[in-house]
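The structure appears right after this line, and notes come after that.
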Amino acid sequence: MQEKTLPHEILESAEKVGFDIDPMVAPDAPKLLLNFNKVVAVKDAPGLILKSKEIDDGIVADIIVTKGVKIKYPLHLCFGMVAQTGIQEIVARFIIEDGAEVLMLAHCSFPNACDLVHKMEAKIAVGKGAKFLYEERHYHGENSGASVYPTFEADIGEGSYFKTVFSLVQGTVGKVNINANIYAQKDAKIEMITKAYGKSDKDKVMIRDAVFLEGNNSRGTIRMRAAARGGGEVFMEGITEGNAPGATGHVDCKEIIQGFGSTARATPLVRVTDEMARITHEAAVGRVNQKELDTLMARGLTEEEAVDMIVKGML
Amino acid sequence: MLKVKDLVIEPRGVKKAVVSNASFEVREKEIHVILGPNGSGKSTLAYSVMGLGGYKPISGSITFMEKDITNLSVTERAKLGITLAWQEPVRFEGITVSDYIKAGMSNRDESAVDHALSLVELDSKKFKKRFVDNSLSGGERKRVELAAVVAMEPKLMILDEPDSGLDVIVYDELYQLLDNIRNEVNSSVLLITHREESGEVADSATLIWEGKTILSGRFPIVMHKYCTMARREDKCRKKPCLMKY
Ligand SMILES: Nc1ncnc2c1ncn2[C@@H]1O[C@H](COP(=O)(O)OP(=O)(O)OP(=O)(O)O)[C@@H](O)[C@H]1O
Ligand SMILES: [Mg+2]
């Protein structure tokens, strides 16, 4: 196993997005850390299998938690690249077997991106009665120079719980286009949280999160939060389909526009094909709620400080 | 310290004056109660004194500590030491009780947050890290609001029905608490309420009726006038508020 060190810029940006790096670099901590197409650190654990293959412009990886194993410490993943330009391609399979439990903290870092493309194709298979928590935080540097195109396909088995949190709120965005499809089997529970912040006219975010409630009594909630300022564009689409008796879902989109020239669009889309299913949705797009602003200004904050505090809270 | 004179307020989007003639005065370190029936314009008056955008007076003046503040913004008034606790405080996403209280404090000191929470009888260990969102009960949210206002150590606290939505047993305690607070932070209180028990601590009062201030003076006299106008004299005779306060 090759032990190279992770470039310090990647560690710094992990801290920037709020991850604690000490447990990440600890020698015993389970991890799979990449820079471009090189695995710079890998550490498995009993019941946790990490297999990867370096290809020309990225890697192919299998991440497997075997049947009934509960991984005690979070698995740290880093899909990063310190170069300014280039194309990185990641193909990853996540297999969480029956009754397994794991928390993964993924960190996608492109701190110097000027003209950089990152593509990721993730396939997620979660067995029965398993629990999979996946949190992915992005940092794309300060130049709006990254183009990031991840796709996720996930199948969540009977009685399993799957929660994902995606956030891109520090630094710039560049171009982001995310496409996620999650299928829930009987009694499965899905929670998707997505947060993005576009800060200039070079920042364009397009996120489509879809949950398909295919099994009886499956449940899904999608929560999308975004802010756009300085000409940024944020489009979010939260889709939930209820295709089985007892399926219940909720889509909740909230986007805040700051200043002129920015665009935000939130589309909750619900489709129900079973008369015993029920999906609800809510969406709010526009400026910050006036009463929230007034309240903070009555404590002495300026309008700008108040907007900032409200947006930070929401993201 | 606060002088409101001939104030006329047409809230944004409303065609008629909701407050058509309001004048009253709050003196230093006193608790001044605003009485009046539902819809008489009490909250509107409070928003206008605070300086909220939708409630700019179309005529009249507001003076605070000898300074004309009629045209100052909310932030400017808050910096002068005026703040408001809303009748129905708004909920925020992702802002903790602790950060919310600190937002208005100049020193942002942790122990001051604990102290403010203890004043409103919320266990700071339990509540500091909670969010000021829908997960707080109505009464808890109102207590947090009061704590945030107190933590600012303002010169004038405008409290819009801080007693509504609190459990019955705490009314008396609440008024006592307001009394303690004004002594502790040396602030004046403009207290909007429907409850005659507030007379226990009130120094003076103003009655507002259909957008007009009718009478200012000692609390029992104003309360009596309120009862007369509301045709509640019979009730009042049974509970002789004039003699009580
Ligand atoms: N923005 C507005 N749009 C329409 N009507 C308004 C607006 N603001 C106030 N009003 C009306 O003005 C009147 C006074 O309202 P205000 O909230 O000031 O009453 P209040 O004395 O505080 O009543 P309460 O005791 O019920 O709290 C009410 O009839 C109310 O419906
Ligand atoms: Mg009111």
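The values are calculated or read from the model by the stated rules, or taken from the named source; none is laboratory data. Every value quoted in this text rests on a predicted model; they were computed, and no experiment measured them. All Cβ positions, glycine included, derive from the backbone under ideal geometry; neighbour counts span all protein chains shown. Areas reflect the complete protein model, heavy atoms only, side chains present, ligands, DNA and RNA absent. Shrake-Rupley method; radii C 1.70, N 1.55, O 1.52, S 1.80 Å.
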### Query
To the nearest 10 square angstrom, what accessible area does residue A:308 show with a 1.4 Å probe?
60
### Task
Write down the accessible area per residue of chain A in Å², having rolled a 1.4 Å probe over the full set of protein chains.
42
### Rg/Rg_ref, the range B:33-180, where Rg_ref = 2.2 N^0.38 Å and atoms are Cα
1.06
### Query
For the range A:43-55, what does the Karplus curve 6.51 cos²θ - 1.76 cosθ + 1.60, with θ = phi - 60°, yield as ³J(HN,Hα) per residue in whole Hz, taken in order and with x for Gly and Pro?
8, 9, 8, x, x, 10, 10, 10, 10, 9, 9, 7, 10
### Query
Summing Lys, Arg as +1 and Asp, Glu as -1, what charge do residues with Cβ under 11 Å from the Cβ of residue B:19 carry, residue B:19 excluded?
0
### Charge dipole of the protein assembly as shown about the Cα centre (unit charges at C-beta), most positive-ward option of B:53, B:78, B:38
B:38
## Note on the structure
Counting as exposed only GluC sites (Glu not before Pro) in DSSP loop states with no more than 15 other Cβ atoms inside 10 Å, the longest exposed-site-free span of chain A is A:4-141
### Query
Based on the Cβ-Cβ distance of residue A:283 and residue B:66, what FRET efficiency does E = 1/(1 + (r/R0)^6) give at R0 = 41 Å, to the nearest 0.05?
0.25
### Summary
Which of A:95, A:124, A:49 fluctuates most in a GNM of chain A (C-alpha springs under 10 Å)? That residue is A:49
### Cα gyration tensor category, rounded, prolate or oblate, for the range A:28-134 with a/c compared to 1.5
prolate
### Message
Skipping prolines and chain starts, which residues have an amide H placed within reach, meaning under 5 Å, of the one on residue B:188, given they are 5 or more residues away or on another chain?
### Response
B:29, B:156, B:157
### Query
Label residue B:111 and residue B:38 with points 7 Å out from Cα along Cα→Cβ: what is the distance between them in nm?
4.6
### Query
Of B:17, A:216, A:46, which is farthest along the charge dipole of the protein assembly as shown in the positive direction, counting Lys and Arg as +1 and Asp and Glu as -1 at C-beta?
B:17
### Summary
Applied in sequence order to the range B:94-102, the curve 6.51 cos²θ - 1.76 cosθ + 1.60 (Karplus, θ = phi - 60°) yields integer Hz couplings, x standing for Gly and Pro, of x, 10, 7, 3, 4, 5, 5, 5, 5
### Query
Once phi is turned into θ = phi - 60°, what whole-Hz ³J(HN,Hα) does the Karplus curve with 6.51, -1.76 and 1.60 give for every residue of the range B:68-76, x standing for Gly and Pro?
6, 10, 3, 9, 7, 7, 4, 4, 4
### Task
Rounding to the nearest 20 debye, state how big the charge dipole of the range A:1-67 is about its Cα centre with +1 on each Lys and Arg Cβ and -1 on each Asp and Glu Cβ.
280
### Message
Let me see the P(r) profile for the range B:90-153: every Cα-Cα distance counted, bins of 5 Å, each bin given as a percent of all pairs.
### Response
4, 22, 37, 26, 11, 1
### Counting all C-alpha pairs of the range A:2-288, share separated by more than 26 Å (%)
43
#### Entry: For the range A:51-82 and the range A:242-315, distance of Cα centres in Å
33
### Query
With a 1.4 Å probe, how much accessible area is buried between chains B and A, both sides summed, in Å² to the nearest hundred?
1800
### Summary
Under 5 Å from the placed amide H of residue A:169, counting only residues 5+ away or on other chains, we find A:138
### Summary
Scoring only Lys, Arg, Asp and Glu (+1, +1, -1, -1) among other residues with Cβ under 12 Å from the Cβ of residue A:230 yields 0
### Task
Quick one: among A:86, A:300, A:286, which has the greatest mean-square fluctuation in a GNM of chain A with alpha-carbon springs under 10 angstrom?
A:300
### Query
Check residue B:84: other-chain or 5+ apart residues with amide H under 5 Å from its amide H, H built from backbone geometry?
B:158
### Backbone N under 20 Å from the residue B:183 label point (7 Å along Cα→Cβ), restricted to the range B:193-210
B:197-204
### Summary
In the neighbourhood of residue A:141 defined by beta carbon distances under 15 Å, the net charge of the other residues (Lys, Arg +1; Asp, Glu -1) is -1
### Summary
Once normalised by the length of the range A:137-280, the mean sequence separation of its alpha carbon contacts under 8 Å that are 6 or more apart gives a contact order in percent of 19
### Message
Are there any trypsin sites (Lys or Arg not before Pro) in the range B:113-192 that are in a DSSP loop and have at most 12 other Cβ atoms within 10 Å? List them by number.
### Response
B:129
### Message
Taking 56 Å as R0, compute the FRET efficiency from the Cβ-Cβ separation of residue A:115 and residue B:126 and round it to 0.05.
### Response
0.65
### Task
Please report, in cubic angstrom per residue, the volume enclosed by the convex hull of the alpha-carbon atoms of the range A:253-303.
78
### Task
Give, rounded to the nearest 20 debye, the magnitude of the charge dipole that the protein assembly as shown has about its Cα centre when Lys and Arg contribute +1 at Cβ and Asp and Glu contribute -1 at Cβ.
1260
### Dipole axis of the protein assembly as shown (+1 Lys, Arg; -1 Asp, Glu on Cβ), positive-most option in A:126, B:95, A:168
B:95
### Message
Residue by residue through A:287-296, how many Cβ atoms from other chains fall within 10 Å of the Cβ on average?
### Response
6
### Query
So how compact is the range A:196-308: Cα radius of gyration and Dmax in angstrom?
17.1, 52
### Cβ-derived FRET efficiency at R0 51 Å, residue A:15 paired with residue B:21, nearest 0.05
0.30
### Message
Please compute the Kirkwood hydrodynamic radius over the protein assembly as shown, one decimal place, Å, based on all pairs of different Cα atoms.
### Response
26.6
